[in-house]
1. In whole angstrom, how long is each semi-axis of the equivalent ellipsoid of segment 1-51, when you take the square root of 5 times every eigenvalue of its Cα gyration tensor and sort them from largest down?
2. Hey, can you grab everything whose amide H is under 5 Å from the amide H of N69? Only 5+ residues off in sequence or another chain; H modelled, so Pro and N-termini drop out.
3. Accessible area per residue for segment 135-175 in Å², computed with a 1.4 Å probe and the full protein assembly in place, what is it?
4. Residue by residue through segment 193-200, what is 3J(HN,Hα) from phi via Karplus (6.51 cos²θ - 1.76 cosθ + 1.60, θ = phi - 60°)? Round to whole Hz and write x for glycine and proline.
5. In segment 24-75, what percent of the accessible surface is made up of carbon and sulfur (1.4 Å probe, ligands and nucleic acids excluded)?
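The values are calculated or read from the model by the stated rules, or taken from the named source; none is laboratory data. What you are looking at is a predicted structure, and each value in this text was computed from that prediction instead of being measured. Please note that ligands, DNA and RNA were not included when accessible areas were found on the heavy atoms of the full protein model with its side chains. Shrake-Rupley method; radii C 1.70, N 1.55, O 1.52, S 1.80 Å.
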Amino acid sequence: MHRIPSDDRLEDAIRAVMKRNRQILSQNAMRELVLTELRKEDENYRVSGERIRKVAVDRDILRIEIEYNVYDEISAPEICPVCGFPMDVINNSTLDGRDTDIGRKCTKCTYQIGLRKKTPGRYTFSKGRPSRPSVSIADRVKLMGDAAELMRKAASMVERATKGTEHRKRGKRCSSDIVKKITSKKDGNSLANISRDLENSDPEWTEPLGSVKNSEGKDI
């Protein structure tokens, strides 16, 4: 008869496995090692890879790196497919003043999606404290929007400061230059262009194990 380990017993087994292994390269491999550990006590123990992963995340036992499968169109999840915790909506004020939903990020683990929709493909389990994404692409785009708003305020303040003085024209030119630095399509270093490039990027320092699958589901 099958026996299901408690969360505490499963945590002990995961910790024992990680004491002997610096890194485990897949969820299947992790499951086999944890089952071997559990079955030292009882051969009837059964546990899924998904439950092992969720207990490991919930109890901050180890680091999990996620290799993503990227798709053109999938719905944004409300519950994290990695650990089961709620997802936060990431909103941003665009450079033209509109509010937009630019992604989701887990409230517990490293899973996050931006304008490119992603699902977890492969997990790597490592020793050490659980990692958290420092700044995601969605967060970077939001920071650019925040910067644009501050620069617009600065432009307005310059005009107010010089209005009614002999420096009024200089103040208006300065204010205009600030606004152009936000919105210019010709200036490669404008906030608008940098923000757009960030939205279309997938840098290694944000998603270290990013991956796309071919039509047969294999890594490219």
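1. Numbers: eigenvalues 61, 26, 18 Å².
The equivalent ellipsoid of segment 1-51 has semi-axes of 18, 11, 10 Å.
2. T119, G121
3. Heavy-atom accessible area per residue stands at 67 Å².
4. So the Karplus estimates, Gly and Pro as x, are 6, 5, 4, 4, 5, 5, 4, 8 Hz.
5. Details: 1100 of 2790 Å².
The nonpolar share, carbon plus sulfur, comes to 39 percent.
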